[in-house]
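Below is one structure, written out as structure tokens; comments come after it.
The values are calculated or read from the model by the stated rules, or taken from the named source; none is laboratory data. Worth saying up front: this structure is predicted, and the values here are computed from it rather than measured. FYI the Cβ positions are ideal-geometry reconstructions off the backbone, even for glycines, and counts take in every protein chain you see. Areas reflect the complete protein model, heavy atoms only, side chains present, ligands, DNA and RNA absent. Shrake-Rupley method; radii C 1.70, N 1.55, O 1.52, S 1.80 Å.
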Amino acid sequence: MTIRRLVSCFSQFKTYVLEDIADTNAPALGLYAKLGFREFKREKVRHTKRTGINAYVSMRLTQA
């Protein structure tokens, strides 16, 4: 099921949140931004040297 379809199936909700997206996952961040999600939180991680991830991003979509 696609994100777009998922949002339309649960139209009773006004806000959708995606949490803990790696900042290095540019394709996912770009897709979510294209769908209307906006970043609202960025948490730095301590395991950067091991994983290459600098932060986890949380994104929110609020519908009118």
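For this structure, a couple of remarks:
- Modelled FRET efficiency - R0 22 Å, Ala55 with Arg4, Cβ distances, 0.05 increments: 0.25
- Under 12 Å, Cβ to Cβ, from Thr15 - net charge with Lys/Arg +1 and Asp/Glu -1: +3
- Per residue, the average separation of C-alpha pairs within less than 8 Å and at least 6 apart gives the chain a relative contact order of 42 percent.
- Using a probe of 1.4 angstrom and keeping all protein chains present, the accessible surface of the chain works out to 77 square angstrom per residue.
- The accessible surface of the chain, taken with every protein chain in place and a 1.4 Å probe, is 53 percent carbon and sulfur.
- Sequence-distant lysines (8 or more away, or on other chains) whose Cα lies within less than 21 Å of Lys14: Lys34, Lys41
- Charge sum, other residues only, whose C-beta stays under 10 Å from Leu61's C-beta, Lys/Arg counted +1 and Asp/Glu -1: +3
- Shape class for the chain, computed from the alpha carbon gyration tensor (a ≥ b ≥ c): prolate, with a/c not under 1.5 and a/b above b/c.
- Surface accessible to a 1.4 Å probe, Arg5 within the full protein complex, Å²: 140 Å²
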